[in-house]
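Have a look at the structure below, then the notes.
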Amino acid sequence: NSASLASLTRGTGPKVVRGDPAGKVQSVSHVAHHHHIEAPTISVSDSSLKFTHVLYNLSPAELYEQAIKYEKGSFITSTGALATLSGAKTGRSPRDKRVVIDDTTQDELWWGKGSPNIEMDEHAFMVNRERAVDYLNSLDKVFVNDQFLNWDPQNRIKVRIVSARAYHSLFMHNMCIRPTPEELENFGTPDFTIYNAGQFPCNRYTHYMTSSTSIDLNLARREMVILGTQYAGEMKKGLFSVMHYLMPMRQILSLHSGCNMGKDGDVALFFGLSGTGKTTLSTDHNRYLIGDDEHCWSDNGVSNIEGGCYAKCIDLSREKEPDIWNAIKFGTGEILCPSVFLDHTIPSIKLLCSVFD
């Protein structure tokens, strides 16, 4: 975790400490430094004089406590779910998403007219990365999740998410696959890291930027940077983008689909864009749920990339979608639309992230 919070252009960094800053200060572990990029260093920095506490793989109960105490607009619903606000962004920002183009990706990815991949160069990415890491280091605490993608053990990906909000940590606690205590102890270096600076904006004068929001993917560095949006779905879809890149290289087809299995072992896949009914169809009570959104199809079969499900709750009813209805309980999170939230109406529930037990 110390290495994840290390700045690449700072000679010094904050003292990284495990645990809640409200508790007792634990032993200090200095930030590790990277040496593979030559950059100017500053011998003295204010960040070297402070502590940044790492809240590592907290339980839902601990994340609830952090959100209720410190994140304005967070509360517990009557069914036990955590309700919170995602700021100005209540959905993803696809036009603000960038991918670093380099000697490798320029030939491996689809660019140009009609492509969803909007390019940026390595320098612009590093500017945004530095901005995100500096912001995270300026906080008294950051949340870190070490988790997995893909239930196929032969093709599992280790991911680390560094974020500023308990809501983001709870979201990823639900959406990714949780390691066992033994797996966590031997987690090692992640295959991919997300730096989520949340509300902190990018500098709009940085090359390639078109707004104060930027979601940047660097496939060579295996890193993603999020600036200027608190919408948690950017992390989920960002990791899916990574799987779309990594899995085909292993001769595995990554699929945007729901998936379930019949009692005789027959597997069905449900394809469609977001909001077209994949979650509803995959949670058919007469079949076994495999997953609702992201899967890998290999020679070993079909495996869910995620550890949880993500469902829209507008017009949700117990009769039509009982599994989703019953999933709105302790340990799940709801994102509220600010304009409707002010009226304190039930339809204000917009989205839900949950693990179906």
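List of remarks:
Conditions tested, residue by residue: (1) more than 30 Å from residue 290 (Cβ to Cβ); (2) open to solvent by 50 Å² or more (accessible area, probe 1.4 Å); (3) modelled with pLDDT of 95 or more.
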residue	(1), (2), (3)
119	yes, yes, yes
161	no, no, yes
175	no, no, yes
205	yes, yes, no
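- Criterion (touching a helix residue (DSSP H, G or I) at 6+ places or on another chain (Cβ under 8 Å) and among the hydrophobic types (A, V, I, L, M, F, W, C)) met by exactly one of 162, 127: 162
- Single residue of region 135-159 satisfying the filter (within 26 Å of residue 51 (Cβ to Cβ) and assigned to a loop (DSSP other than H, G, I, E, B)) that is least open to solvent (accessible area, probe 1.4 Å): 139
- Residue count for region 85-117, restricted to those that are open to solvent by 50 Å² or more (accessible area, probe 1.4 Å), closer than 19 Å to residue 231 by Cα and more than 16 Å from the chain's Cα centre (by Cα): 2
- Counted as qualifying within region 292-339 are the strands (runs of 3 or more DSSP E) with 1 or more residues that are over 16 Å from residue 80 (Cβ atoms) and of a type in the set (S, T, N, Q), namely 294-298, 301-304.
- Residue in region 182-201 that is of a type in the set (Ser, Thr, Tyr) and either over 23 Å from residue 219 (Cα atoms) or part of a helix (DSSP H, G or I) (or both) present: no
- The residue of region 269-279 that is modelled with the lowest pLDDT, among those that are surrounded by fewer than 18 Cβ atoms within 10 Å (Cβ to Cβ) and touching a Lys or Arg at 6+ places or on another chain (Cβ under 8 Å), is 275.
- Residue within region 51-59 that is part of a loop (DSSP other than H, G, I, E, B), among the polar types (S, T, N, Q), surrounded by fewer than 19 Cβ atoms within 10 Å (Cβ to Cβ) and at pLDDT below 75 present: no
The values are calculated or read from the model by the stated rules, or taken from the named source; none is laboratory data. Quantities reported herein were computed from a predicted structural model and do not represent experimental measurements. Note that we place each Cβ from the backbone using ideal geometry, even for glycine, and neighbour counts take in every protein chain shown. Remember, those area values only see protein heavy atoms, side chains included, never the ligands or the DNA or RNA. Shrake-Rupley method; radii C 1.70, N 1.55, O 1.52, S 1.80 Å.
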